[in-house]
Amino acid sequence: MSKKKYSSVNLFIRSLIFTIYSATAIVLYSCLCIVSFLFPLHYRHALIRSYLRMTIYLLKKLCYINYSVEGLENIPKKEVGIVLSKHQSTWETFFLPLIFHDPAIIVKKELLWVPFFGWGLASTDPISINRSAKSSAMQQIITKGRKSLEDGRWVLVFPEGTRVAPGVIGQYKLGGARLATATGYPVIPVAHNAGRCWPRRRFIKRPGTIRLVIGPVIETTGRTADEVLKLAKGWIEDTMTRIDTP
């Protein structure tokens, strides 16, 4: 992480400019996304990636937030799988789709109705689930997730369910691991310390270099969902101990 000091006023102004850009861009892109429903999915994802790249670029230029990536060689070249990622920030929701192209993200169905943001999210054809129907939520994940995987799309899961503060271990849920064992597709664990630069529920972004590490493939054949989740969680949290420094 960057050790250079910046004044609070400097960081506030830069964060304010970034927020104004974000609010403007999401309105413009969401309108484009509505029109993009007329086109195939890969065109819609290309549109979204242009928005994500610009956001990551402006974070670097405006808020001094850079990043480093380890483990790109661990991403299979000829198959897709289920990505189980640490969830500390909004940053990883922007960055991971740039590495795992055209992912199907597991989200709550009600998010798709949020003005502007939800419309853009809906254009990516996510795996939306109705969590109020708990008895069928898991079956929704498996059915929709299997189709996405068979269509050659990564499935992106944040097993902690919600953003957690740096140094905190959230409650890992079995949904992604159950999808993996039900379909036989591998799991790719991801660790990062984005919460140090873009903390949850905080306005001011903190300068620094986010470290993101992509772990080795976890094969799921012959393993239970509990075993897969234990392996993924163990690798993620062990890696967090190495990279998540203030």
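Quick rundown of the values:
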item: Looking only at the stretch 217-246, and only at residues there that are among the charged types (D, E, K, R) and in a loop (DSSP other than H, G, I, E, B), the one that is farthest from GLY184 (Cα to Cα); result: ASP244
item: Selection within the stretch 126-153 - among the β-branched types (Val, Ile, Thr) and either crowded, with 17+ Cβ neighbours inside 10 Å or in contact (Cβ under 8 Å) with a residue 12 or more places away in the chain (or both); result: ILE127, ILE129, ILE141, ILE142
item: Residues satisfying the stated conditions in the stretch 188-246, i.e. in contact with a helix residue (DSSP H, G or I) (Cβ under 6 Å, 6 or more places away or on another chain) and either within 17 Å of PRO76 (Cβ to Cβ) or of a type in the set (S, T, N, Q) (or both); result: PRO189, ASN193, VAL213, ILE214, GLY215, PRO216, ILE218, THR220, VAL228
item: Condition broken by TYR43, with the remaining ones in (1) surrounded by fewer than 17 Cβ atoms within 10 Å (Cβ to Cβ); (2) on the phi > 0 side of the Ramachandran plot satisfied; result: (2)
item: Wholly enclosed strands (runs of 3 or more DSSP E) of the stretch 49-125 bearing at least 1 residues under 16 Å from ARG211 (Cα atoms) and open to solvent by 40 Å² or more (accessible area, probe 1.4 Å); result: 65-70
item: Filter result for PRO166 (within 26 Å of VAL80 (Cα to Cα) and of a type outside the set (Lys, Arg)); result: no
item: Scope the stretch 201-210; condition at positive phi and open to solvent by 40 Å² or more (accessible area, probe 1.4 Å); matching residues; result: ARG201
item: Complete set of residues in the stretch 130-144 that are part of a helix (DSSP H, G or I) and modelled with pLDDT of 75 or more; result: SER136, ALA137, MET138, GLN139, GLN140, ILE141, ILE142, THR143, LYS144
item: Residue match in the stretch 176-197 (condition: assigned to a loop (DSSP other than H, G, I, E, B), at pLDDT below 85 and more than 15 Å from the chain's Cα centre (by Cα)); result: no
item: Residues being open to solvent by less than 20 Å² (accessible area, probe 1.4 Å), touching a Pro at 6+ places or on another chain (Cβ under 6 Å) and more than 22 Å from ARG211 (Cα to Cα) - total across the stretch 154-200; result: 1
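The values are calculated or read from the model by the stated rules, or taken from the named source; none is laboratory data. Everything quoted here is computed from the prediction, not taken from an experiment. Using ideal geometry, Cβ is built from the backbone for each residue, glycine included, and neighbour counts are taken over all protein chains shown. Heavy atoms of the whole protein, side chains included, go into the accessibility calculation; ligands, DNA and RNA do not. Shrake-Rupley method; radii C 1.70, N 1.55, O 1.52, S 1.80 Å.
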